[in-house]
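Okay, so here's the structure we're looking at.
The values are calculated or read from the model by the stated rules, or taken from the named source; none is laboratory data. Just so it is clear, the model here is predicted, and its values are computed rather than measured. Here the Cβ positions follow ideal geometry from the backbone for every residue, glycine too, while neighbour counts run over all protein chains shown. Ligands, DNA and RNA are stripped out before the accessible areas are found, and what is left, the full protein with its side chains, is counted by its heavy atoms. Shrake-Rupley method; radii C 1.70, N 1.55, O 1.52, S 1.80 Å.
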Amino acid sequence: MVRVYRSDLGFGQGTDGQNYYEVSPERALELEAAGYSTNPNDADAGRSAPGGSIYTGTDTADAYAESSSGTSTSGYQKGLEKANALYSFLPPALLDTFAQSWAKYGDANIAMGSVRKSSVWKQEFGYLQRADGTLIMSEIDALATKATYKSTLAEVGITDFKEFEKQFEQLISTEVSGLEFQQRIDTVYSGVVNQIPEVEKLFRDKYGITLDQPTIFGALINPDIQDKVLTGDIQTLQLQAEASSRGFSTTFSRFDELRKLGLTQQSASSLYESAGDIMQSAKGVGRTLDIETLEQAAIGDIESKQQIEKSAREAMSESSFITGSRKKGDRITGLTTS
């Protein structure tokens, strides 16, 4: 804001008793053209001149200011006071726009409407406006929502938000509430960070994250990672991690297929935990069971289940035969451990 002065003491005193007005730089230029000054030394000059405190004629400078802008300087000051009372969180340029409009119309709603039509508002808060012109939320609610986002990220170790401002705006423009954002973070915390280490490693590989752990949560602000895809990906990565932690691994698309066919993390844990023993047992009776067969059986494939059951029966029969022979002490006892 810029202070402009008049050469009189009896008109338009500022809020602290001084004869100046605080206006925008643009407004100051207009008033200077009408005879005002930004130099405080000019405030006491020309008291007897038209416009001075002892002059009772028409104040041509004031008349010019009012006729050229449609507002009075005293009205502007009142409008600025109202703007600061109602919208102190707005940038100074928008407070100035409000004050000018309020001085002209005397209506706070009209004044705020003028603010929202300004180029400065569109630059600062344009993300709040839907295509039909309605607002997603008010400016103060938007700032409060951003504060909620920041608080949520702070809980998982992110304290520098400079890089996230545009992403915050995009979240608001797609109407992601503070609660929804918290749930998104919780989903990743419980589904990635709070799981076996392989899940976090696979998540990093999937999204190309190479920095510290907080960047995992920072990645969630990326508009390319949508909620539905994210939730599905995490579940798929959990299946992949259950396999890789036990020495079995294949492509992400294969695990995604298994997830969609009904394989749960609990089932995957049981499957890959026992897979090695089952495959080794089958090999002992001359059969070959691969991991794909076990996976298909886990999601309900009948033929695969039958192969596994047949192999298990043969292994059990072989075991019974060897155990029985060992008890009799005949010539095949050497095939068993003593």
Which listed pairs, of Lys150/Lys201; Lys122/Lys146; Lys82/Lys117; Lys78/Lys166, have C-alpha distances above 23 Å, in listed order: Lys150/Lys201; Lys78/Lys166
Residues Asn109 and Thr159, FRET efficiency given R0 of 45 Å [Cβ-Cβ distance, rounded to 0.05]: 0.70
Lys162 - accessible surface, heavy atoms, 1.4 Å probe, Å² rounded to 10: 150 Å²
Largest-first ordering by accessible area, 1.4 Å probe, given options Phe164, Phe255, Phe89: Phe89, Phe164, Phe255
Charge dipole (debye, nearest 20) of segment 231-270; +1 at Cβ of Lys and Arg, -1 at Cβ of Asp and Glu: 80 debye
Solvent accessible area, Å² - Arg254, 1.4 Å probe, full protein context: 40 Å²
Sequence of Tyr189, Tyr207 when ordered by accessible area, the most exposed leading, probe 1.4 angstrom: Tyr189, Tyr207
For segment 136-191, average projected area of the Cα convex hull in nm²: 3.8 nm²
Ile158 accessible area, 1.4 Å probe, all protein chains in place, Å² to nearest 10: 10 Å²
Those lysines that a straight Cα-Cα span of less than 29 Å connects to Lys305, excepting residues fewer than 8 apart in one chain: Lys260, Lys283
